[in-house]
Structures are given as C-alpha cells and as structure tokens.
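S.K.: Quick one: this structure, given as structure tokens, is what I'll be asking you about.
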Amino acid sequence: MSVTSDGDRTRVLVLFGGRSSEHEVSCLSARGVLWAIDSEAYDVTSVGITKSGRWVLMPSGVPQTREGTLPSVPDDGPPVTIVTSPEGPVLLEVTPDGTVDLGRIDVCFPVLHGPYGEDGTIQGYLATAGVPYVGADVAASAIAVDKRQMKHVFAAAGLPQVAHDVVMRPDWEADREGELDRVEAALDYPLFTKPARQGSSIGISRVADRGALAAGIDEALTYDRVVIVEHGLDRVRELECGVIGNDDVEVTPPGETVHGGAEFYDFDAKYLAPVQLSCPADVPEDVAATCQDHAAQAFKAIGARGMARVDFFYDTASGDLLVNEINTIPGLTPQSMFPPVWQATGLSFRALIDRLLALAIEASHEDGRFSP
C-alpha cells in the first residue's frame, strides 16, 4: 500500500537510534531500510532518537561514518514530536517560536533494537497516538525482548530449548556463592551468561569455570537485573528463519551465519568483522522443515505479527534442533540475516519493506475493531 485513499503517497516515518546500548545497530538497520524503501512510492521522513531520548528530525537520514566506526544520532537536530489531531497523527517540529506541522503520519517503521524500542515501549506510544506501526504489538514485543519470559512461553508451547537457569540481582547480591553453587549444580560448563533484555550479543560471556561464571554474571548485571545462564553447546551451527505475516504467516527456509574464528557470534563478529551468510543453509531437508515449523510456532506462541527472526542451535553431534530466541525487530544491516533469507525466496529487500508496511496498515485496521 503506497497510495492513501485520498491519492497521496503513503507517509512513512522511519524511527531509529534510541536509548538502548543497541543504538548504533539501530542506526545501521535504519540505513538499510532507507536504502531499500521506494522513495518514489512513499513519502519518507526520518527521525532519530538520541541516546538521551530526544527525538530529532534527520532530513539526510543516518549520518555517514568512517569505515570501522558505527553511526549514531547527533544531539543537535531539530526536535520533533507526534501529536494526534482531528485528521489523525501528525509530526511537529518544535521551534523557539512554536511548532511547525510536518504533515500526517500514515505508518511508522520503528527500527529500534533492545530496550525502549523493541520491548513494547515505543509500540505503546505509537498505539496511543494512533500511529500504525510495523512489527509486533506491545505484549508480544515485551515477551520477545525478555529472554526469561520468552523461554517460559516457548516451554509452554512445547518448543525445545537449551538448558538454562536464571540469576536475579537481589539474589546475587544477597548470596553470590549460593547462586554459583545453584547454577553449577543445574548446568555443566561451558556456559553462557546473558542479560535477559539485551540483543546484538551485548553483555554476553562464554565461561568455563566458577571464577569466569561470577565475572560473566557481574558483566550481564551491568545491563539488566536478570541474567540468563545457558549451557554451551559444542559443534553447534546457528540457523535463522524469517517470518512475516499477521494471522497467516510465511516462513523462509533457514539461513546460516558463519562467523569465522570468533569463539561465539559476539558484537564485533556481527557488525565489525566479515561474515558469511548462507541462504538457504546446507542442512538436511527434515532439519530445514523443522526449523520452519518451530519458527511459525514461536511466532504464534508470543502473539507476534508483522515480522520476526527466529534463531536456532543445530547440534550436529546429537542432531538436536533447539530454539534460541525470537527477535521482533530483526537486524536490517548489511550483515544481517533477515533480508537475505527473504531474498533467497525471491522477495527483494524493497518488496519486503512494501509487505511489512502493508501488514502494519492491515494490523491497524484489525486493532480499530476494538477501539471505543
């Protein structure tokens, strides 16, 4: 849907940056969206959210950076805000002399990773303002970004997962040695420690002994009050499926990320080092089919809509296929898997953006049925 009922081009707000530690990754993803979107079919406005939370107009899109550095939203842009008018939601520029009407917003593409963007906060804000938006709603976003809650939902749906445990900050501060004893009794080394509500491998450590486990938990607690501790798998392959849809979903065959000599797929391996994407992955047909089936189940289990990427661990030694996580605003950077797995099915990045915007409008019409 690139034309509104009054014959104008659909006005798309691309929102990126944000307050989370994934700010720079969000900017990279937004650069991909702005490159792919059909600027002749859509009237596109770019707005960045600074690390301090200011919304600023970005007429030139995401700033260019030197090779090896990551972009961010500058603090000196013109401030903007969304208000609801009788004609619908509009974007206003705030000036010393008042406000300037920048026009209506037909649909928003929030390209925001991690807390304050992928966790239901921005979704709730947009819904309150009456702005249709790409991706999962408030509840599904909140479940997906919180690995502890996500794992509860996946377990209830019968999806296979890696053995794991949870460490809470109050318990850790009260009895570090007792928490270490409890985790070591439940799980065998090697282990991974992860903040419950972070992505892009931020705050993750691979640990092989008690001292490293304590350090990994301390590191993860700098990002969240809840830490997930997972059993580490040997000779594991990392597979990813793309999912799009609202009531009816489509799932890609799995792709595979090959990340060279990195001990695990950490932040640098994801965004700063060369990476090889294999789409589709070279796996047995039954493994690929199970990936697709589990991806659809995971998407529906959390109540997702619009889009998601579902990640798997394929243990080649045992043949086990385990669901790792679901991302409701998957990376859209040049090194991200989500666009390539769709391109491998014949859906270009530009056509994918079209589909996602259309699904957002469709979902907003469905939500309107329940409005007062």
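S.K.: Looking at D315, D367, which one is at pLDDT below 95 and closer than 24 Å to G117 by Cβ?
M.R.: Details: D315 fails: closer than 24 Å to G117 by Cβ.
After ruling out the rest, the residue left standing is D367.
S.K.: Something else about it: Across segment 87-99, what is the total count of residues that are open to solvent by 50 Å² or more (accessible area, probe 1.4 Å) and outside any loop (DSSP other than H, G, I, E, B)?
M.R.: Selection size over segment 87-99: 2.
S.K.: So which pairs qualify, if the first residue must be in segment 163-174 and under 19 Å from F192 (Cα atoms), the second must be of a type outside the set (A, V, I, L, M, F, W, C) and assigned to a strand (DSSP E or B), the Cβ gap must be under 8 Å, and the two must be at least 6 apart or on different chains?
M.R.: Every condition considered, the pairs that remain are A163/E230; A163/H231; H164/E230; H164/H231.
S.K.: Let me ask something else about it. How about segment 100-185: which helices (runs of 4 or more DSSP H) wholly inside it have at least 3 residues that are of a type in the set (A, V, I, L, M, F, W, C)?
M.R.: 121-129, 138-145, 147-156
S.K.: Could you tell me whether R54 is under 15 Å from the mean Cα position of the chain (by Cα), open to solvent by 30 Å² or more (accessible area, probe 1.4 Å) and charged (D, E, K, R)?
M.R.: Values: under 15 Å from the mean Cα position of the chain (by Cα): no; open to solvent by 30 Å² or more (accessible area, probe 1.4 Å): yes; charged (D, E, K, R): yes.
In short, no.
S.K.: Got a sec? Which of A360, A304 is crowded, with 24+ Cβ neighbours inside 10 Å and touching a helix residue (DSSP H, G or I) at 6+ places or on another chain (Cβ under 7 Å)?
M.R.: Only one candidate qualifies: A304.
S.K.: Working only within segment 232-264, note down all residues that are of a type in the set (S, T, Y) and at pLDDT below 95. Reasoning before the result, please.
M.R.: Taking segment 232-264 first, the residues of a type in the set (S, T, Y) are 252, 257.
Of everything in segment 232-264, just one residue is of a type in the set (S, T, Y) and at pLDDT below 95, namely T257.
S.K.: Moving on to the next point. Among the listed residues D75, D43, D38, identify the single one that is open to solvent by 30 Å² or more (accessible area, probe 1.4 Å), part of a loop (DSSP other than H, G, I, E, B), more than 28 Å from V226 (Cα to Cα) and at pLDDT 95 or above.
M.R.: Of D75, D43, D38, the one residue that is open to solvent by 30 Å² or more (accessible area, probe 1.4 Å), part of a loop (DSSP other than H, G, I, E, B), more than 28 Å from V226 (Cα to Cα) and at pLDDT 95 or above is D38.
S.K.: Is it the case that T84 is surrounded by fewer than 17 Cβ atoms within 10 Å (Cβ to Cβ), closer than 28 Å to E362 by Cβ, among the hydroxyl-bearing types (S, T, Y) and in contact (Cβ under 8 Å) with a residue 12 or more places away in the chain?
M.R.: Taking the combined requirement at face value, the residue satisfies it.
S.K.: Right, next: Please work out which residue is farthest from T121 (Cα to Cα), limiting yourself to segment 158-200 and to residues that are of a type in the set (G, A, S) and surrounded by fewer than 19 Cβ atoms within 10 Å (Cβ to Cβ).
M.R.: Here the residue is A185.
S.K.: Taking into account only those residues within segment 265-289 that are modelled with pLDDT of 95 or more, within 22 Å of Q161 (Cβ to Cβ) and out of contact with any strand residue (DSSP E or B) (no Cβ under 8 Å at 6 or more places or on another chain), which is least open to solvent (accessible area, probe 1.4 Å)?
M.R.: Result: A288.
S.K.: Looking only at segment 274-331, which residues are in a helix (DSSP H, G or I) and of a type in the set (V, I, T)?
M.R.: Selection gives V287, T290.
S.K.: While we're on this one: Filtering segment 102-126 down to residues that are open to solvent by 30 Å² or more (accessible area, probe 1.4 Å) and in contact with an Asp or Glu (Cβ under 8 Å, 6 or more places away or on another chain), which residue is nearest to P79 (Cα to Cα)?
M.R.: Only one residue tops the list, namely L102.
S.K.: To continue, here is another question. Just to be sure before I move on: is S21 more than 22 Å from P330 (Cβ to Cβ), touching a residue at least 24 places away in the same chain (Cβ under 8 Å), of a type in the set (S, T, Y) and out of contact with any Leu (no Cβ under 7 Å at 6 or more places or on another chain) in the structure I sent?
M.R.: Criteria not met by S21.
S.K.: Residues in segment 339-346: is at least one closer than 22 Å to Y42 by Cβ and open to solvent by less than 50 Å² (accessible area, probe 1.4 Å)?
M.R.: Yes, that holds for at least one residue.
S.K.: A further question follows. Inside segment 143-161, can you point out the residues that are touching a His at 6+ places or on another chain (Cβ under 7 Å) and small (G, A, S)?
M.R.: Matches in segment 143-161: none.
S.K.: Give segment 332-359 a look and list any residue that's part of a loop (DSSP other than H, G, I, E, B) and within 16 Å of the chain's Cα centre (by Cα), or say none.
M.R.: Passing the criteria: L332, T333, P334, Q335, S336, M337.
S.K.: If you don't mind, there's one more thing I want to ask. In this structure, does R206 turn out to be touching an Asp or Glu at 6+ places or on another chain (Cβ under 7 Å), farther than 15 Å from R148 by Cβ, open to solvent by 30 Å² or more (accessible area, probe 1.4 Å) and of a type in the set (K, R)? Full working, then the answer.
M.R.: On the way: touching an Asp or Glu at 6+ places or on another chain (Cβ under 7 Å): yes; farther than 15 Å from R148 by Cβ: yes; open to solvent by 30 Å² or more (accessible area, probe 1.4 Å): yes; of a type in the set (K, R): yes.
Yes; evaluated as a whole, the condition is true for this residue.
S.K.: Can I ask one more? Within the bounds of segment 209-217, is there any residue that is under 26 Å from T121 (Cα atoms), open to solvent by 10 Å² or more (accessible area, probe 1.4 Å) and in contact (Cβ under 8 Å) with a residue 12 or more places away in the chain?
M.R.: Scanning segment 209-217 turns up no residue that is under 26 Å from T121 (Cα atoms), open to solvent by 10 Å² or more (accessible area, probe 1.4 Å) and in contact (Cβ under 8 Å) with a residue 12 or more places away in the chain.
S.K.: State all residues of segment 290-300 that are farther than 10 Å from T252 by Cα, of a type outside the set (F, W, Y) and either crowded, with 22+ Cβ neighbours inside 10 Å or touching a His at 6+ places or on another chain (Cβ under 9 Å) (or both); if no residue qualifies, say none.
M.R.: Answer for segment 290-300, where residues must be farther than 10 Å from T252 by Cα, of a type outside the set (F, W, Y) and either crowded, with 22+ Cβ neighbours inside 10 Å or touching a His at 6+ places or on another chain (Cβ under 9 Å) (or both): H294, A298.
The values are calculated or read from the model by the stated rules, or taken from the named source; none is laboratory data. Keep in mind the model is a prediction, meaning the values are calculated, not measured. Cβ sites come from the backbone with ideal geometry, for glycine too, and all protein chains shown count toward neighbours. Accessible surface areas use protein heavy atoms only, side chains included; no ligands, DNA or RNA. Shrake-Rupley method; radii C 1.70, N 1.55, O 1.52, S 1.80 Å.
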